[in-house]
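Have a look at the structure below before the remarks.
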Amino acid sequence: MKSEILAALRESESYVSGQELCEKLNVSRTAVWKKIKELQGEGYEIEAVPNRGYRIVGWPDTIAAEEVESRLTTVWAGRPVKYFEEITSTNQYAKRIGEEGAPEGTLVVADEQTQGKGRSGRSWTMPRGTAIAMTLLIRPKLPPSRISMVTLVMGLAVARACRKLYGLPAGIKWPNDVVIHGKKLCGILTELSAEMTYVNYVVIGIGINVNVKQFPEEIQEKATSLFLELGRETGRAELIASCMEYFEGYYEKFIQTGDLSLLMDEYNELLLNRDQKVRVLEPGQEYTGTAQGINQVGELLVVKEDGTRTVVYAGEVSVRGIYGYV
Ligand code: BTN
């Protein structure tokens, strides 16, 4: 009920009467009043004026379930939200509930991770309450070989959300880092549980540096946050909801064809490696070439220095810019 109250207060530019809320939610005035009290206790500034009703004037930067849910415009992505103040890793928890049968679309979010995981066995750390750590559970009816593409779909969704909400020039470093002004804003780690031909579930873990004010010296050159780019704090719940909205739309296109043919033009528009020199580090060989863009299965097309064309598969290699991180 709290998420519906929040949505109703946010939608209205002036006061919303207690009666209106009762009718909308089909509950008593006392029930509404109790929930308003709870929300005030959680940091929402809600004015209550006799004969006029309630008006919201201040929000805490919370990513609690009711705040995120109150902002969702999706049919299934981000429904339900499971919020934790602290957790080992949202991916780890999503895998557990994936095993237990949690529905497609479940979103796990946390203010702090004690064992956050990055790609290639690295750890992923973020200061408490200032970043987004979230994992979306999906159950695609596709063979396991197709799953690495959902990571690109999510990268595209996050980049688009940052462009739309903040007007920032967010782009993608293949396959799925979201980058602004040459520095990494967001990392994505996708994990799956599968049989030879059948996918049981997939978890897509997303870490976004939102209100992070400073990074450790060793990564200052490579990492950025929305705070550092915008010079102000931004609300995390709004960004989560926007990522879910974009992801749901793009994912439906992906499922329609089972590949990225309906999305690759849009992806390539945001691909920062496009027409750039890259160094490809494949197990057993390294070479330099110029990245052309992705094909319909998400592989990166690279023209080697000797003019031969090759495709680079996301699961196997690392691609570095020659003149910097991208
Ligand atoms: C990368 O190395 O670029 C991927 C980082 C992915 C981090 C996110 S934070 C939420 C989710 N839970 C984890 O433990 N990892 C992912």
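Throughout, read-outs are computed from the coordinates displayed, never taken from laboratory work. Keep in mind that what you see is a predicted model, and the values were worked out from it rather than measured. Every residue, glycine as well, gets a Cβ built from its backbone with ideal geometry; the counts of neighbours run over all protein chains shown.
With a 10 Å radius around each residue's Cβ, average the other Cβ atoms per peptide and rank 93-101, 204-212, highest first.
204-212, 93-101
Could the peptides 65-74, 265-274 be put in order, highest first, of the mean number of other beta-carbon atoms found within 10 Å of their residues?
Ranked from most to least packed, the peptides come out as 65-74, 265-274.
In degrees from 0 to 90, rounded to the nearest 10, what is the angle of the helix 90-99 Cα long axis to the longest principal axis of the chain?
Taking the Cα atoms of the chain, the angle to 90-99 is about 90 degrees.
Taking the Cα centre of each part, how many Å lie between the range 14-45 and the range 124-202?
If you average the Cα positions of each part, the centres end up 36 Å apart.
Suppose only helical runs count, i.e. DSSP H with n ≥ 4. What mean residue ellipticity at 222 nm does that imply for the chain under -39500 (n - 2.57) per run, divided by all residues and rounded to the nearest 500 deg cm²/dmol? Spell out each step's value before the answer.
Values: 9 runs with 101 residues, N = 326.
Dividing the helical sum by the residues of the chain leaves -9500 deg cm²/dmol.
Over the chain, calculate the relative contact order: mean separation of alpha carbon pairs under 8 Å at least 6 apart, over the residue count, as a percent.
Values: 651 pairs, mean separation 44.3, N = 326.
Relative contact order for the chain comes out at 14 percent.
If you restrict to DSSP beta bridges whose two residues both lie in the range 65-214, what percentage is antiparallel, to the nearest 5?
In the range 65-214, DSSP labels about 85 percent of beta bridges as antiparallel.
Report the Cα centroid-to-centroid distance between the range 87-107 and the range 210-234 in angstrom, as an integer.
Going from one Cα centre to the other spans 28 Å.
What does the charge add up to near K184, with Lys and Arg as +1, Asp and Glu as -1, over the other residues with Cβ less than 15 Å from its Cβ?
Residues near K184 contribute +2 overall.
Counting only DSSP beta bridges with both residues in the chain, what percent are antiparallel, rounded to the nearest 5?
Working: 52 of 59 bridges.
Of those bridges, close to 90 percent are antiparallel.
Between helix 148-166 and the chain, what is the angle of the helix's C-alpha long axis to the longest principal axis, kept within 0 to 90° and rounded to the nearest 10?
It works out to around 50 degrees.
Tell me the angle of helix 29-41 to the major Cα principal axis of the chain, expressed in degrees between 0 and 90 and rounded to the nearest ten.
With both axes taken from Cα atoms, the answer is about 50 degrees.
Per q in 0.10, 0.12 1/Å, what log10 I(q)/I(0) does a Debye calculation on the alpha-carbon atoms of the chain return?
Listed by q, the Debye log ratios stand at -0.61, -0.85.
Are any of the pairs K2/K184; K222/K304; K141/K304; K95/K253; K95/K304 more than 28 Å apart by Cα-Cα distance, and if so, which?
Flagged as over cut-off: K2/K184; K141/K304; K95/K304.
For the range 1-141, what is the percent of antiparallel DSSP beta bridges, rounded to the nearest 5? Provide the component values of the computation, followed by the final result.
Numbers: 11 of 16 bridges.
Percent antiparallel among DSSP bridges in the range 1-141 is about 70.
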